[in-house]
1. Consider the range 75-95. How many of its residues are more than 12 Å from SER43 (Cα to Cα), more than 17 Å from the chain's Cα centre (by Cα) and aliphatic (A, V, I, L, M)?
2. With respect to ASP39, determine if the residue is within 16 Å of ARG80 (Cα to Cα) and of a type in the set (Asp, Glu).
3. Would you mind stating whether ALA63 is among the small types (Gly, Ala, Ser), without any contact (Cβ under 8 Å) to a residue 24 or more places away in the chain and over 27 Å from GLN127 (Cβ atoms)?
4. Within the range 77-98, can one find any residue that is surrounded by 14 or more Cβ atoms within 10 Å (Cβ to Cβ), polar (S, T, N, Q), under 24 Å from PRO17 (Cα atoms) and in the same structural domain as VAL16 (by TED's automatic domain parsing)?
5. Got a number for residues in the range 6-26 being assigned to a helix (DSSP H, G or I) and either of a type in the set (A, V, I, L, M) or farther than 16 Å from SER59 by Cα (or both)?
6. How many residues does the range 99-115 contain that are surrounded by 14 or more Cβ atoms within 10 Å (Cβ to Cβ) and more than 20 Å from SER14 (Cα to Cα)?
7. Only one of (1) under 24 Å from ARG18 (Cβ atoms); (2) surrounded by 14 or more Cβ atoms within 10 Å (Cβ to Cβ); (3) modelled with pLDDT under 95 fails for LEU118. Which number is that?
8. Give the residue that is surrounded by the most Cβ atoms within 10 Å (Cβ to Cβ), with candidates limited to residues of the range 123-134 that are of a type in the set (Val, Ile, Thr) and closer than 19 Å to GLN25 by Cα.
Amino acid sequence: MLPEPPLFDIAPDSDVPRYRQLIDQVYALIAGGHLQPGDRLPSVRQVARLVAVNPMTVSKAYARLEANGTVRRVRGQAMRVLEPTSKATYPQRQEQFRRLIRPAIHRAQQLGLNDDQLIEVVRSVLQEQTARATGLDVPPKGL
């Protein structure tokens, strides 16, 4: 069984705005079964501290999630995940992931990485993620 991924991980050098990264990650956590209906999201302050972003960024993400019916704000309590209108199937989750990795694979090819090198980078990143999720400190390869 795979270790639980960190709840949120912001890529500061991404072209995707940080609030959008948070929204997309909530969607992925719900689709992957890591967040269930009724689960509480961490507070705005907790998330801001965890991923080192301005609390207004988290607040904007949460407001958008609430506006589209993904979460519900209960005064004095945390945001709660609502029942999704439809459950993502495994093929749908695979396709969502494919859309995410296509640009990364394209960039790797532009950088001159062959298939074996690309797979090695992916394995290395998976090991780093696993180490972070389990609290172990494994430096990335090549550093």
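The values are calculated or read from the model by the stated rules, or taken from the named source; none is laboratory data. Computed from a predicted model, the values in this text were never measured in an experiment. No Cβ is skipped: glycine too gets one built from the backbone with ideal geometry, and neighbour counts run over all protein chains shown.
1. 1
2. In short, yes.
3. So ALA63 passes the test.
4. No, that holds for no residue.
5. 3
6. So the count comes out to 1.
7. It fails just one condition, (1).
8. Only one residue tops the list, namely THR130.
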